[in-house]
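> First, the structure itself, so that you have it in front of you.
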Amino acid sequence: MGGGVRDEWFVQEVTVGQKVGTHLRVVKRILERVSSLDVEMSISSERHRADARSLLDLMQLAAATGDRVRLEARGAQADEALAFVAALLAAPSWDAEIDDA
Amino acid sequence: MPDRLGRVRAALQGIAASHGIAIGRVVVLRRAELSYDRVEIPFDRTEDEVARFLAAVETAGQQLAQLRERVFGQDGDAEHYHILEAYELMLRDENLTASTAHRIREEQINAEWALEVTLDDIRGIFQRLEDEVFRERLSDVDFVGERILRNLVGRSAFAADDVLPHHIVVAHALSPVDTAQMLHRNILGLATDEGSRTSHTAIVARALQIPAVVALRHVVEKARGGELAIVDGEEGICILNPTQAEIELYRGRQERAVIYTEKLRQNVELPATTTDDVTIRLSTNIDFREEAEAVTANGADGVGLFRTEFLYLGRNDLPREEEQLRCYRELLQRLHPLPVTIRTLDLGGDKFSSVQAELIGGVGELAGLRAIRLCLRRPEVFRVQLRALLRASVHGRLRILVPFVTCVSELVRVHEVLDEVKAELRSEGHPFDPDVELGAMVETPAAAQIADLLANYVSFLSIGTNDLIQYTFAVARDNPNLTYLYHPLHPALLRLVRTVATAGVAAGVEVAMCGEMAGEPLFARVLLGLGLTELSMVPSAVPAVKEVVRRSALSDCEAFANELMHLPSYIEVEREVLTVMKADFPELLEGLPNS
């Protein structure tokens, strides 16, 4: 992948399916996954734009079931990060099995 | 009025969260005892101050990690484990660490003050969140902040370290970490300002069998530490500086409760046989196969109700045959040769996740359908469960219980599906017990009225009182204005139970009861007298009910039930039952886990 593509921001919107919204378990799982990837990522709810590598930030999203959130990512593994976070947020529970392939 | 030592008696009413009575000295866990001032730091010392701060963060991280491993291990309590991991992540969050370090340098102030200002910023953001669930996370932020502060000011890292063994712990609220820390400190009792019967403190206290009262509101404010206190986990009362008379009263109750519990323990090995030599089956209602041990430990005769809903909930697919088979097989093996009654799926269509609903044909399709009605509408879902149950049946003594039956035609259809599934299994070469018993739940007045007809199609009936009460009196359980209708001893209910029991005797099928009512020792004589042959309850209720059974004659119970049938309302019935039970079992009304 060329440098130009790497710097490009990928954007995706997703509806929160998690039954209790973006609660601690969910955002913790997002942080753990995103931290292991080569990616810069933010998640924005109506209230807050959070760095996906900060738990305190993510906890402030306070997005409830049915809310739309916006994901932005760039970096070599942006696709992977977006796919994971979108699938997890759309799933009904924090421990949903996400296909990481 | 204070006595000559300045002690003031205070009796506070809260919510009883965990059974038992504790009498002992108080230790108060105070959150706000960390005090520090704003101190200016000379320019050339700010880097030292930042280093001191980062060291405190590091130490706090190690303490949390140690606690996580020590108390929970790798496969310990998952809920606690995740919370502690999240605390460690928060601790290293740049929003906390980088901003505090920045503040120390920029404003040339001490680490404590800089951290407090940073925490205030974060608190402000959380306080503005509208959703209460998210706002509650504020306590997590406070907790993490306090861990660092304690290391900065040189206090021991956890408030619970201050807890002395054999004391009553008084606190505003307890965090998961506090309770975890106290696990091995032989706490006598817990009294907290906040909490509910389902709050974390209550659950932990019940698991550890420590008496606890929560929601006392002012107990921290009134307590000084070191004084005597009584925690009454039966009535939800906490008395600080009790009078001598109160102490003696409670000591008496405490001793009687201990003696009684010990006595009940002797029942575990004994059969639930009446004095006129009739043996009643006392079985258990459980949700998880891990509870199998509690079944035998409490001296029960098997499982009267194993609920399978947990297999279906909280996921996006449906449990496959092999997964269900593993679960049922393990349960049957663990309890062999005791009978294990497994209830087929008892969910309403609305309880499925949207993805599951798609899988089984759409939410709209299933609206208003529940339990067997849903299973017969979607036999492909039902068959998977029946296949798993039948395949498990060779590993123990299985009984299959069908919920929410209201028509004979439903049972006819269940038999058809069962026969088809058996034929399938035979042709595939899977072994199963061809004589597995089938039973029907009686949960509606309709089912109770046709119990004689239903009995022709099953080998046992099981009365589910929770739903039966709701549908008989047309009242939702949680309607606080209608609680007077929610009385299990209402003549209408007694008559329905008798109808079902009589039908069972006539048809030669056993009649069980598996609602909450069955686990109430005060009702045991009535239920026996009405003709029930099996009572199924939470495992912990078995020893007390067994005690009543063993000290009763079935013939007396029948005469007693007949007498009750003539009383005009639940008020007279309750009064009569209480009078008789109080005379014969004075200890039942205190020190007995019956709620």
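The values are calculated or read from the model by the stated rules, or taken from the named source; none is laboratory data. It should be emphasised that the depicted structure is a prediction, and the values quoted were computed from it without experimental measurement. Cβ: placed from backbone, ideal geometry, glycine included. Neighbour counts: every protein chain shown. All accessible areas refer to the heavy atoms of the entire protein, side chains included, with ligands and DNA or RNA removed. Shrake-Rupley method; radii C 1.70, N 1.55, O 1.52, S 1.80 Å.
> Out of the residues in region B:101-128 meeting the condition of being aliphatic (A, V, I, L, M) and within 14 Å of chain A (Cβ to nearest Cβ), tell me which one is most open to solvent (accessible area, probe 1.4 Å).
Checked region B:101-128; the qualifying residue most open to solvent (accessible area, probe 1.4 Å) is B:Ile125.
> Mind telling me which of the residues B:Val71, B:Val57, B:Val50 ends up being away from chain A (no Cβ under 14 Å), buried (at least 18 other Cβ atoms within 10 Å of the Cβ) and at pLDDT 90 or above?
B:Val50
> Of the residues B:Thr308, B:Thr279, B:Thr341, which single one is more than 14 Å from every other protein chain (Cβ to nearest Cβ) and in contact with a Pro (Cβ under 7 Å, 6 or more places away or on another chain)?
On inspection, the qualifying residue turns out to be B:Thr279.
> Continuing with the same structure: Does region A:54-63 contain any residue that is touching an Asp or Glu at 6+ places or on another chain (Cβ under 9 Å), on the phi > 0 side of the Ramachandran plot and of a type outside the set (Ser, Thr, Tyr)?
Taking every residue of region A:54-63 in turn, at least one turns out to be touching an Asp or Glu at 6+ places or on another chain (Cβ under 9 Å), on the phi > 0 side of the Ramachandran plot and of a type outside the set (Ser, Thr, Tyr).
> Collect the residues in region B:277-316 that are of a type in the set (D, E, K, R) and open to solvent by 60 Å² or more (accessible area, probe 1.4 Å), keeping them in residue-number order.
Selection gives B:Asp277, B:Arg289, B:Glu290, B:Glu293, B:Arg307.
> What are the residues in region A:74-101 that are facing chain B (nearest Cβ under 8 Å) and among the aliphatic types (A, V, I, L, M), if any?
If the condition is that a residue be facing chain B (nearest Cβ under 8 Å) and among the aliphatic types (A, V, I, L, M), then A:Ala91, A:Ala96 are the ones that fit.
> Further question: Out of the residues in region B:429-464 that are among the hydroxyl-bearing types (Ser, Thr, Tyr) and not in a loop (DSSP other than H, G, I, E, B), state the one that is surrounded by the fewest Cβ atoms within 10 Å (Cβ to Cβ).
Ranking the candidates gives B:Tyr457 first.
> Would you tally the residues in region B:531-554 being closer than 17 Å to B:Asp276 by Cα, open to solvent by 10 Å² or more (accessible area, probe 1.4 Å) and touching a strand residue (DSSP E or B) at 6+ places or on another chain (Cβ under 9 Å)?
3
> Here's another thing I want to ask about it. Enumerate the pairs (first residue in region B:316-330 and within 14 Å of chain A (Cβ to nearest Cβ); second residue anywhere and open to solvent by less than 60 Å² (accessible area, probe 1.4 Å)) with beta-carbon separation below 6 Å, excluding pairs fewer than 6 apart on the same chain, so at least 6 apart or on different chains.
Going by the 6 Å Cβ cut-off, the qualifying pairs are B:Asn316/B:Ser353; B:Pro319/B:Leu311.
> In region B:81-100, which residues are closer than 26 Å to B:Arg45 by Cβ, of a type in the set (A, V, I, L, M, F, W, C) and more than 9 Å from chain A (Cβ to nearest Cβ)?
B:Leu91, B:Ala98
> When you go through (1) more than 14 Å from chain A (Cβ to nearest Cβ); (2) open to solvent by 20 Å² or more (accessible area, probe 1.4 Å); (3) at pLDDT 70 or above; (4) over 21 Å from the mean Cα position of the chain (by Cα) one by one for B:Arg155, which number turns out not to apply?
For B:Arg155, the exception is condition (3).
> Name the single residue that is nearest to B:Asp37 (Cα to Cα) among those in region B:129-144 being at pLDDT 75 or above and more than 11 Å from chain A (Cβ to nearest Cβ).
Within region B:129-144, the match that is nearest to B:Asp37 (Cα to Cα) is B:Asp142.
> Just to be sure I understand, how many residues within region B:397-412 are open to solvent by 20 Å² or more (accessible area, probe 1.4 Å) and closer than 20 Å to B:Pro339 by Cβ?
The number of residues fulfilling the criteria is 1.
> Related question: Could you identify the single residue in B:Met581, B:Met517 that is closer than 21 Å to B:Ala503 by Cβ, open to solvent by less than 30 Å² (accessible area, probe 1.4 Å) and either in contact (Cβ under 8 Å) with a residue 60 or more places away in the chain or not in a loop (DSSP other than H, G, I, E, B) (or both)?
Answer to the selection: B:Met517.
> Quick check on B:Glu563: is it farther than 13 Å from B:Ile280 by Cβ, of a type in the set (D, E, K, R) and modelled with pLDDT under 95?
no
> Something else: Need at least 1 residues that are surrounded by 22 or more Cβ atoms within 10 Å (Cβ to Cβ) and away from every other protein chain (no Cβ under 12 Å) per element, so show me which strands (runs of 3 or more DSSP E) inside region A:2-73 make the cut, counting only ones lying wholly within it.
Output list reads A:40-44.
> Given the condition in contact with a Ser or Thr (Cβ under 9 Å, 6 or more places away or on another chain), of a type in the set (A, V, I, L, M), over 30 Å from B:Glu380 (Cβ atoms) and at pLDDT 90 or above, answer yes or no: does some residue in region B:299-318 qualify?
Within region B:299-318, one or more residues are in contact with a Ser or Thr (Cβ under 9 Å, 6 or more places away or on another chain), of a type in the set (A, V, I, L, M), over 30 Å from B:Glu380 (Cβ atoms) and at pLDDT 90 or above.
> Let me ask you something else. If only one of B:Leu528, B:Leu522 is of a type outside the set (Ser, Thr, Tyr), open to solvent by less than 10 Å² (accessible area, probe 1.4 Å), farther than 17 Å from B:Leu468 by Cα and touching a residue at least 60 places away in the same chain (Cβ under 8 Å), which one is it?
B:Leu528 is the lone residue from the list that is of a type outside the set (Ser, Thr, Tyr), open to solvent by less than 10 Å² (accessible area, probe 1.4 Å), farther than 17 Å from B:Leu468 by Cα and touching a residue at least 60 places away in the same chain (Cβ under 8 Å).
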